[in-house]
Amino acid sequence: MRRVLRGAFLNTMEKYYPSYYNEFSCLAGECPDSCCTKWEIVIDECTLNKYNALSTDFGNEVLSQIIKDEEGDCCFLLNNGRCPFLNSHNLCDIHIKLGEDFTSEICRNHPRFIEEYDGFTEISLSLSCPEANRIIMSSEKSVYPTPLYKGDDEVLELLISSREKLLSSDLGFSSLIKLLLDAAADDSLDIDLVYIENHPDINVAFLKNLASFLLRKSEILTNEWKAYLENAEGVGISDEEFEAYCKSNDEALVKICRYFIYRYYLKAVNDLDIYSRALFIASSCLFPAFIACSCNVTLWEAARLFSKETEHNLFNLDLLLGFFSEF
Ligand code: SF4
């Protein structure tokens, strides 16, 4: 199949949003898990220039809290895991004193994911944010739009079409996972002549192995997640018990699955590794279900933590895609 160069089309974008997108409004000081804690807050160049141009005491204070991380990016020096400008009411002092325009681009965008493709942009909300999570999981019939693709990248066209079929199906969770893996196997054959003989069984043994892998290899952000991984690694539940748990949470798992299909299926256009992505998507639903089934945590919260630990950490994301490329 013919590929086209990506990257020269970023200005002429049609924008697409899930149907629940406009329901989101940041909880700010009421948030039970502020995004201004634990994460490193990278400061983009434009915002840094604004800070450098300030000649006030507060401007000097802002500059005094900026360090360079290992990758050479400027970011705020966390104080006990908190952004130094997150005040005791869990509100942003930069926003209060200087206005939203002076917050870093990453702060203004969060919890939005912005994905640019050939001629269109998809903007969605992250499951990691408690309020976005509530909206995504409580939304009755969320619609994930199909972009009107006018370009000539045949791979992207095929992936859009497969994703549309997946997102428009009315199947229950286990059938949707099967359809996803079948579609990815078909697309792998069409795109890259890769023949997938059998789908791996994503059972309890597989998920326990994944818990061990994440415990040893991933960058773990929160103590809760570490404790859940440790517990899941040694848990004694059977495949039958896990299956029964998934069946009794079918509707929620379908919502989580549709979220991950929307977020990741098209991304295979970048490296053509569609089957690893499909396994990643399937496991992104089954692993939180396994955590929720084996630990004292709800499925929503397990999915939220999985998203927080994985979707916002490129190292962890690449690690997992690498894990699934072994199958
Ligand atoms: S996690 Fe979500 S609701 Fe909480 S402060 Fe961040 S954007 Fe707002």
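The values are calculated or read from the model by the stated rules, or taken from the named source; none is laboratory data. Everything quoted here is computed from the prediction, not taken from an experiment. All Cβ positions, even for glycine, are placed from backbone atoms using ideal geometry, and neighbour counts span all protein chains on display.
Considering Leu156, Leu148, the condition of being away from the ligand (no atom under 16 Å from the Cβ) and exposed (fewer than 14 other Cβ atoms within 10 Å of the Cβ) is satisfied by Leu148 alone. Which ranges mark the helices (runs of 4 or more DSSP H) fully within the stretch 209-269 that have 3 or more residues being assigned by TED's automatic domain parsing to the domain that holds Gly172 and over 30 Å from Leu156 (Cα atoms)? Counting at least 3 such residues, we get 223-234, 239-248.
In summary, Leu189 fulfils each of the numbered conditions (1) at pLDDT 95 or above; (2) of a type outside the set (Asp, Glu); (3) assigned to a helix (DSSP H, G or I) with the single exception of condition (1).
For residues that are in contact (Cβ under 8 Å) with a residue 60 or more places away in the chain and of a type in the set (S, T, N, Q), scanning just the stretch 11-26, find the one that is farthest from Lys150 (Cα to Cα). Applying the filter and picking the extreme gives Ser25. Of all residues in the stretch 139-160, exactly one satisfies the criterion of being in a helix (DSSP H, G or I) and out of contact with any helix residue (DSSP H, G or I) (no Cβ under 9 Å at 6 or more places or on another chain), namely Glu157. For the stretch 39-92, the set of residues classified as at positive phi and polar (S, T, N, Q) consists of Asn80, Asn90, listed by residue number. Listed by first and then second residue, the pairs with beta-carbon distance under 7 Å, at least 6 apart or on different chains, first residue in the stretch 104-119 and of a type in the set (A, V, I, L, M, F, W, C), second within 16 Å of the ligand (Cβ to nearest atom) and part of a loop (DSSP other than H, G, I, E, B), are Ile106/Ile41; Cys107/Ile41; Phe113/Ser126.
In this entry, Ser284 passes the filter for residues that are among the polar types (S, T, N, Q), in the same structural domain as Pro200 (by TED's automatic domain parsing) and either within 18 Å of the chain's Cα centre (by Cα) or under 25 Å from Ile114 (Cβ atoms) (or both).
Kindly provide the set of residues from the stretch 200-237 that are farther than 14 Å from Phe306 by Cα and basic (Lys, Arg), ordered by number. Those that are farther than 14 Å from Phe306 by Cα and basic (Lys, Arg): Lys208, Arg216, Lys217.
In the stretch 27-55, the residues that are closer than 24 Å to His89 by Cβ form Cβ pairs under 6 Å with partners that are of a type in the set (Gly, Ala, Ser) and within 16 Å of the ligand (Cβ to nearest atom), at six or more places apart or across chains, as follows: Thr37/Gly81; Lys38/Gly81; Ile43/Ser104; Thr47/Ser104.
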